[in-house]
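**Student:** There's a structure below that I have some questions on.
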Amino acid sequence: LYVDHPLAASERVALSREQAHYLFGVMRLDVGDTVALFNGHDGEWEARIIAAAKKNGVLECEAQTRPLQMPPDLWLVFAPIRKERTAFIVEKAVELGAARLIPMQTGFTQAANRLRQDKLQATALEAAEQCEATYLPPVDPVQRFGRLLDDWNPARRILFCDETLAGTPATLPTEAGPWAIFIGPEGGFTEAERDRLRGMNCAHPVSLGPRILRAETAALAALTLWQAHLGD
Ligand code: SAM
């Protein structure tokens, strides 16, 4: 269970109404039972329920069961698409160990104005709980393509998923260190955006195979590919 609270021995954590409903109403837990807690930075803790009511409750941390495990330093920079498909990207990116998610407004991005950062962060949280991660990747506010690259630190390499390379043999990067995967929107990157990325020394254009993948499939494939080659 995720809690927005420091976790340490004997630390008491008050539950929100939703959490109390989930633990006592849905999971049928009660005083004396234990729950695994994480907050994204203190690892996982076993906590005992010391008070349980319909709309609230208190847990007390007993012992750390796992240390914080940081994913590799890999960001996913993606153009938001339709709501459910963007949520799918976020969910799978968390499962596949992305450390930060950056929605990006490109020339052909339709959905950026309607993007709800809070909802996507909640999706990331659910995914982290689901896959028992101890780290919670942040979901940034939407950033403009140009602005993002103006401020780009070249020490972070870019795996530029370029659909115009579809069918050319993929050359996979071998350099370790911080990386970011770039995935375009439904309509792909514009010619100017492609030129800009190709002109950056830190960018590595890559094909994800001979067919044009949907943006969410491309994100999943690129994350898997990167993790298999450079992840730990
Ligand atoms: N129209 C489809 C859709 O609605 O999802 C296709 C979208 S594709 C243009 C979206 C992005 O996925 C591209 O900008 C690129 O980043 C990535 N992509 C898709 N297929 C790819 C491939 N074969 N190689 C490299 N990148 C690919």
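The values are calculated or read from the model by the stated rules, or taken from the named source; none is laboratory data. Computed from a predicted structure; not experimentally measured. So basically every Cβ, Gly included, is an ideal-geometry build from the backbone, and we count neighbours across all protein chains shown.
**Student:** So Gln130 ticks every box in (1) within 21 Å of the chain's Cα centre (by Cα); (2) at pLDDT below 95; (3) among the polar types (S, T, N, Q); (4) farther than 30 Å from Leu37 by Cβ but one. Which box is left unticked?
**Tutor:** Checking Gln130 against (1) within 21 Å of the chain's Cα centre (by Cα); (2) at pLDDT below 95; (3) among the polar types (S, T, N, Q); (4) farther than 30 Å from Leu37 by Cβ, the one that fails is (4).
**Student:** If you take the residues of the stretch 161-178 that are within 13 Å of the ligand (Cβ to nearest atom), within 24 Å of Pro71 (Cβ to Cβ) and assigned to a loop (DSSP other than H, G, I, E, B), which of them is modelled with the lowest pLDDT?
**Tutor:** Ala170
**Student:** A follow-up question, please. Can you confirm whether the stretch 17-25 contains a residue that is among the aromatic types (Phe, Trp, Tyr) and surrounded by fewer than 18 Cβ atoms within 10 Å (Cβ to Cβ)?
**Tutor:** Keep residues of the stretch 17-25 that are among the aromatic types (Phe, Trp, Tyr), which gives 22, 24.
Next, only the ones that are surrounded by fewer than 18 Cβ atoms within 10 Å (Cβ to Cβ) stay: 22.
Checking the stretch 17-25: at least one residue is among the aromatic types (Phe, Trp, Tyr) and surrounded by fewer than 18 Cβ atoms within 10 Å (Cβ to Cβ).
**Student:** Let me ask something else about it. Taking Phe145 as meeting all but one of (1) more than 15 Å from the ligand (Cβ to nearest atom); (2) touching a residue at least 24 places away in the same chain (Cβ under 8 Å); (3) of a type in the set (A, V, I, L, M, F, W, C), write down the number of the exception.
**Tutor:** Going through the list (1) more than 15 Å from the ligand (Cβ to nearest atom); (2) touching a residue at least 24 places away in the same chain (Cβ under 8 Å); (3) of a type in the set (A, V, I, L, M, F, W, C), Phe145 breaks only (1).
**Student:** State yes or no: is Phe189 under 19 Å from Gln227 (Cα atoms), among the aromatic types (Phe, Trp, Tyr) and touching a residue at least 24 places away in the same chain (Cβ under 8 Å)?
**Tutor:** It is false that Phe189 is under 19 Å from Gln227 (Cα atoms), among the aromatic types (Phe, Trp, Tyr) and touching a residue at least 24 places away in the same chain (Cβ under 8 Å).
**Student:** Which residues, counting only those in the stretch 213-232, are surrounded by fewer than 14 Cβ atoms within 10 Å (Cβ to Cβ) and among the aliphatic types (A, V, I, L, M)?
**Tutor:** Answer for the stretch 213-232, where residues must be surrounded by fewer than 14 Cβ atoms within 10 Å (Cβ to Cβ) and among the aliphatic types (A, V, I, L, M): just Ala228.
**Student:** Follow-up. Determine which member of the set Asp151, Asp140 is more than 15 Å from the ligand (Cβ to nearest atom) and either farther than 16 Å from Ala112 by Cβ or touching a His at 6+ places or on another chain (Cβ under 9 Å) (or both).
**Tutor:** Working: Asp140 fails: either farther than 16 Å from Ala112 by Cβ or touching a His at 6+ places or on another chain (Cβ under 9 Å) (or both).
On inspection, the qualifying residue turns out to be Asp151.
**Student:** In addition: When the stretch 72-98 is examined, which residues are found to be surrounded by fewer than 18 Cβ atoms within 10 Å (Cβ to Cβ) and within 10 Å of the chain's Cα centre (by Cα)?
**Tutor:** Glu95
**Student:** Answer yes if at least one residue in the stretch 109-125 is farther than 21 Å from Ala79 by Cα and within 16 Å of the ligand (Cβ to nearest atom), and no otherwise.
**Tutor:** Looking through the stretch 109-125, none of the residues is farther than 21 Å from Ala79 by Cα and within 16 Å of the ligand (Cβ to nearest atom).
**Student:** Now, a different point. Given the criterion of a type in the set (Val, Ile, Thr), within 16 Å of Leu148 (Cα to Cα), within 13 Å of the ligand (Cβ to nearest atom) and not in a helix (DSSP H, G or I), identify the matching residue among Ile181, Ile212.
**Tutor:** Answer to the check: Ile181.
**Student:** Count, please, the residues in the stretch 184-208 that happen to be surrounded by 16 or more Cβ atoms within 10 Å (Cβ to Cβ), outside any strand (DSSP E or B) and within 13 Å of the ligand (Cβ to nearest atom).
**Tutor:** Adding up the residues that qualify gives 9.
**Student:** While we're on this one: Residue under question is Phe108, and the condition is that it be outside any helix (DSSP H, G or I) and modelled with pLDDT of 95 or more; does it hold?
**Tutor:** No, not satisfied.
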